[in-house]
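Below: one structure, written as structure tokens.
Just so you know, all these numbers are worked out from the coordinates, no wet-lab data involved. Source: prediction; values computed, not measured. Neighbour counts are summed over all protein chains in view; Cβ atoms, including those assigned to glycine, are modelled from backbone coordinates with ideal geometry.
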Amino acid sequence: MATSLFRTAPALRAALRASSVKPAVAALTSTTFTRGKATLPDLSYDYGALEPYISGKIMELHHKGHHQTYVNGLNSALETIEEAKAKGDDIQAAAVAPLLNFHGGGHKNHTLFWENLAPNNKGGGGEPDGALKSAIDKDFGSFESLQKQINAALAGIQGSGWAWLVKDKAAGTLQVITKPNQDPVIGNHVPLLGIDAWEHAYYLQYQNRKAEYFNAIWNVINWGTVAKRLEKA
């Protein structure tokens with residue numbers, strides 16, 4: 001998947017200069033931009049490659065529909081901020097912060113999510129090994145314990161949100177956290193693995209049986225990507 005670092009867009013630079021908008025753009029510094037516009041990243045696998053665990057229909061709608069909506073919303077928010085800053089209207093620029101947080105977070109979260117997945121016969125599923133396994137065993141006791149904690153966190157999300165395995169840079173430990181809606185992982189937490197608990201991620205296939213989706217997705221988790229993120233954390 002194309003996940004190159006972006007060249008800071010003029011609108012994003014403007015947003016960073018508006019102090020009340022800074023939290024909303026903090027997680028966008030490694031997302032994908034082309035000529036100042038956020039872009040939908042390509043997937044490194046076909047939509048149907050994650051079946052039977054995640055259907056091709058869900059993947060296509062999730063990627064081409066929902067993720068594209070976040071990309072469009074992010075670009076619109078950045079354009080509004082750029083226009084407001086050009087007029088010296090910091091209040092209008094700051095007013096866009098919730099949209100920047102929602103759509104920017106949605107773009108960032110989904111970009112990470114696609115990289116977290118791989119076909120079952122091409123790196124997806126199984127269990128982590130090496131330094132990642134050691135860190136999981138140290139902080140959670142076992143891989144099975146980590147799975148249970150993440151599944152419990154997912155089940156506890158009211159409405160829409162995400163469960164994340166993160167590295168806490170301050171504590172030096174791995175932790176499981178949840179984020180509502182599309183709030184991005186920021187601050188001392190480095191996102192390693194994210195699982196989408198929004199209905200659009202599973203409903204066409206699992207309907208109200210979301211616990212089945214939470215169990216099934218482990219069969220297509222790309223632990224190689226998670227391990228690389230830990231190395232850089």
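Taking 1 over the mean of 1/r across every pair of different Cα atoms in segment 93-163, what Kirkwood radius in Å do you get? Don't skip to the answer; put the middle values down first.
Numbers: mean 1/r = 0.0672 Å⁻¹.
Hydrodynamic radius (Kirkwood, Cα pairs) of segment 93-163 is 14.9 Å.
May I ask for the net charge around Val71, where only other residues with Cβ less than 11 Å from the Cβ of Val71 are counted and Lys, Arg are +1 while Asp, Glu are -1?
Details: positive: Lys37, Lys64, Lys108; negative: none.
Charge balance near Val71 sits at +3.
With viscosity set to 0.692 mPa s at 37 °C, what whole-number translational diffusion coefficient in µm²/s follows for segment 89-233 from Stokes-Einstein and a Kirkwood radius over Cα pairs? Mind showing how you got there, number by number?
Details: Rh = 15.9 Å.
Diffusion coefficient, whole number: 206 µm²/s.
Return the lysines within reach of Lys167: Cα separation strictly under 24 angstrom, same-chain partners fewer than 8 residues apart disregarded; answer none if there are no such residues.
List returned: Lys22, Lys108, Lys133, Lys138, Lys148, Lys179, Lys228, Lys232.
Based on the mean of other Cβ atoms within 10 Å per residue, sort peptides 182-195, 120-133, 80-93 so the most packed one is first.
Details: 182-195: 20.2, 120-133: 15.2, 80-93: 17.1.
Highest mean packing first, the order is 182-195, 80-93, 120-133.
By a straight-distance test (C-alpha under 17 Å), which aspartates and glutamates pair with Lys64 as possible cross-link partners, with residues fewer than eight away in the same chain excluded?
In chain and number order, the partners are Asp42, Asp46, Glu115, Asp196, Glu199.
How large, in Å, is segment 27-181 by the Kirkwood hydrodynamic radius built from its alpha-carbon pairs? Kindly include the intermediate steps, with their values, before the conclusion.
Working: mean 1/r = 0.0560 Å⁻¹.
So the Kirkwood estimate lands at 17.9 Å.
Ordered by residue, what ³J(HN,Hα) values in Hz, to whole numbers, does segment 126-134 give under the Karplus form 6.51 cos²θ - 1.76 cosθ + 1.60, where θ = phi - 60° and Gly and Pro are x?
So the J values, rounded to whole Hz, are x, 10, x, 9, x, 4, 5, 4, 4.
Out of all Cα-Cα pairs in segment 167-233, roughly what percent, to the nearest whole number, are more than 17 Å apart? Before the final figure, lay out the partial values.
Working: 1163 of 2211 pairs.
Tail of the P(r) past 17 Å holds 53 percent of the pairs.
Show log10 I(q)/I(0) for segment 36-116 at q = 0.15, 0.18, 0.26 Å⁻¹, two decimals, from a solvent-free Debye sum over equal Cα scatterers.
The calculated log intensity ratios at q = 0.15, 0.18, 0.26 Å⁻¹ are -0.58, -0.74, -1.17.
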